[in-house]
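Reading through the structure tokens given below for one structure.
The values are calculated or read from the model by the stated rules, or taken from the named source; none is laboratory data. From a predicted model like this one, the values you see are computed outputs, not experimental measurements. Here the Cβ positions follow ideal geometry from the backbone for every residue, glycine too, while neighbour counts run over all protein chains shown. Protein only, heavy atoms only, side chains kept; ligands, DNA and RNA dropped before computing areas. Shrake-Rupley method; radii C 1.70, N 1.55, O 1.52, S 1.80 Å.
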Amino acid sequence: MTEKTAVVNIGWNLDNSYARLPKSLFTHTNPTPVSSPKLTVLNEPLAASLGLNVQLLQSEEGIEILAGNRIPEGAFPLAQAYAGHQFGHFNRLGDGRAILISEQITPLGARLDIQLKGSGETPYSRRGDGRAALGPMLREYIISEAMHALGIATTRSLAVVTTGESVIRETYLPGAILARVAESHLRVGTFQYVSKWGSTEELRALADYTLQRHYSDVAAADENRYLMLLQEVIKRQAALIAKWQLVGFIHGVMNTDNMALSGETIDYGPCAFMDVYDPATVFSSIDTHGRYAYGNQPNIAMWNLARFAETLLPLLHEDEEQALKLANDSISDFIHLYQHKWLAGMRAKLGLLHEEPEDESLIESLLTMMQQYRADYTNTFRALTFDMLEDSVLFETTEFTQWYELWQARIDRQEEPRADSQQLMRSSNPALIPRNHQVEAALDAASKHGDNSVMEGLLAVLSSPYAHTPEQAAYSTQCVPSTHPYRTFCGT
């Protein structure tokens, strides 16, 4: 167990509100020390926003904190208990290799979890080693920071440190720890855990805590605040999944324990961004039936939310039948909320400044053609933004020419100048995404050759995806087609 406590004033301002919940929800445990921690990458802007001294965080003591070898003053490290439906099967889970160090209160008053991922075994490890490899931790760093830059709610990555030790997977790999920042790590699976193995009083305590932490306006409401909690979580998830779809992001493992009640994207495992537009796209090596394919994500989100609603039934109404009706009515709103957000986002991607009844048909026609002609999702919208219709089979077809004329006529009916439409498209269509082959190149250089320059260059261009600079052009190209589909793996 870790015994050393930090003494340098790096800027930690810690509290432990989660530790004041019922003890069945967590286990107090310290990270397992590592032999030789070294800083690989530090998110300096994020560190500064947390109120941390960036220079001191890179000192020996700062790095030891990021590695779990030292505990900041005021921290209460713990592993959280939760459950989850994994590919539809319910399991008892928990933080098997992540430890919540504490909650940092930022200079602006925000409360954010500081979690170390890959920090050693916990009581929930289920025979795992509690460790993580460098490549997957850097992958989460890259993808989560790209998502943040795209304007999508997400956990953030503060730092990655190597441990000086190897982890055994198919082979020996360099070990690493990711310092992750989140609004919280409350999950649908957290409520499933209490619903299955806890009491109604514990469930109420967890719901009240979630309300106070993420929905303080609702917490003070005189109405059925637990029903309002369900409705607010549904709203945030509808907005989140719509944003995923709009940029072609595929989470890859949308288990209920990977759905955060804050509305953030969480747990980047076999995630990736879609190149060629195809709703059936799957990257995860274990998703053999396409449960979590790109086109299925909205329906899976609704299924997960139904599981969340089930946990709240004892709090929604004392009459079970009435509670079930309240839950079903709320869940049925999800698809309408999602569709509204998605349609508004697609209008923006096409420069449509107001609504017309035929817009959905116009959008679906384009997507159908993109799928038929295997058009690149991101680059198609980028080409439309700048009216650079070249280097694509799609743009040479008669169907597209007819669609293009309808689209131009639709824009012409708007009273606003065309410059307004193009500006909306520029701010809605990224110049680039984390292309799978570029992410792999960065990970390969860093984890196998100790060369971080490829990753640093990629992170730099991903930090401003709507800038549309010349430097970003080289990162916008697709990978050369391969006979083997791109596959990602769990266990990150």
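Of the DSSP H helices in the chain, those that are both long (alpha-carbon extent of 30 Å or more along the helix axis) and hydrophobic (Kyte-Doolittle mean at least -1.0) are 225-247.
Counting only protein heavy atoms and a probe of 1.4 Å, the accessible surface of the chain is 50% carbon and sulfur. Applying 1/(1 + (r/R0)^6) with r as the Cβ-Cβ distance of Asp129 and Leu14 and R0 = 35 angstrom yields a FRET efficiency of 0.80. By a 1.4 Å probe calculation restricted to protein chains, Arg180 has an accessible surface near 0 Å², given to the nearest 10. For the chain, the spread of Cα positions along the three principal axes, ordered from largest to smallest, is 69, 62, 43 Å.
For the stretch 169-232, the square roots a ≥ b ≥ c of the C-alpha gyration tensor eigenvalues yield an a/c of 1.5 or more together with a/b exceeding b/c, which makes the shape prolate. About its Cα centre, the stretch 1-144 has a charge dipole of approximately 520 debye under the convention of +1 per Lys or Arg Cβ and -1 per Asp or Glu Cβ, with nothing else charged. When Rg and Dmax are taken over the Cα atoms of the stretch 222-297, they come to 14.0, 49 Å.
Between Glu320 and Leu406, the simple label model (points 7 Å from Cα in the Cβ direction) yields a spacing of 5.1 nm.
If you sort the three axes of the alpha carbon gyration tensor as a ≥ b ≥ c, you get a/c of 1.5 or more for the stretch 391-432 and a/b no higher than b/c, which makes it oblate. Positive-end ranking of Met425, Leu394, Ser447 along the dipole of the stretch 380-468, with charges on Cβ about the Cα centre, is headed by Ser447. Expressed per residue, the C-alpha convex hull volume of the stretch 257-355 stands at 142 Å³. For the stretch 150-204, what class follows from the C-alpha gyration tensor (a ≥ b ≥ c being the square roots of its eigenvalues): rounded when a/c is under 1.5, otherwise prolate if a/b is larger than b/c, else oblate? It comes out oblate by the Cα gyration axes.
Among the listed pairs Lys325/Lys349; Lys196/Lys325; Lys235/Lys349, those whose Cα-Cα separation exceeds 29 Å are Lys325/Lys349.
Cα extents for the stretch 348-387 along the principal axes, largest to smallest and rounded to whole angstrom: 28, 21, 12. Across all Cα atoms of the stretch 114-190, the radius of gyration (one decimal) and Dmax (whole number) stand at 13.4, 37 Å. Rolling a 1.4 angstrom probe over the protein heavy atoms with all chains in place gives the stretch 212-301 an accessible area of 31 Å² per residue. What you get for the chain, charging only the Cβ of Lys and Arg (+1) and of Asp and Glu (-1), is a dipole of about 1320 debye around the Cα centre. In the chain, Cα pairs under 8 Å separated by at least six residues give a relative contact order of 14 percent.
Scanning the chain for GluC sites (Glu not before Pro) in DSSP loops with at most 15 neighbouring Cβ atoms within 10 Å leaves 74-169 as the longest stretch between them. Gyration tensor over the Cα atoms of the stretch 1-70: the corresponding equivalent ellipsoid has semi-axes (square roots of 5 times the eigenvalues, largest first) of 23, 17, 11 Å.
Quick note on the stretch 1-120: its Rg to Rh ratio, both from C-alpha atoms and Rh being the Kirkwood radius, is 0.99. The residues of the stretch 359-427 have, on average, 55 Å² of accessible surface per residue, using a 1.4 Å probe with all protein chains present.
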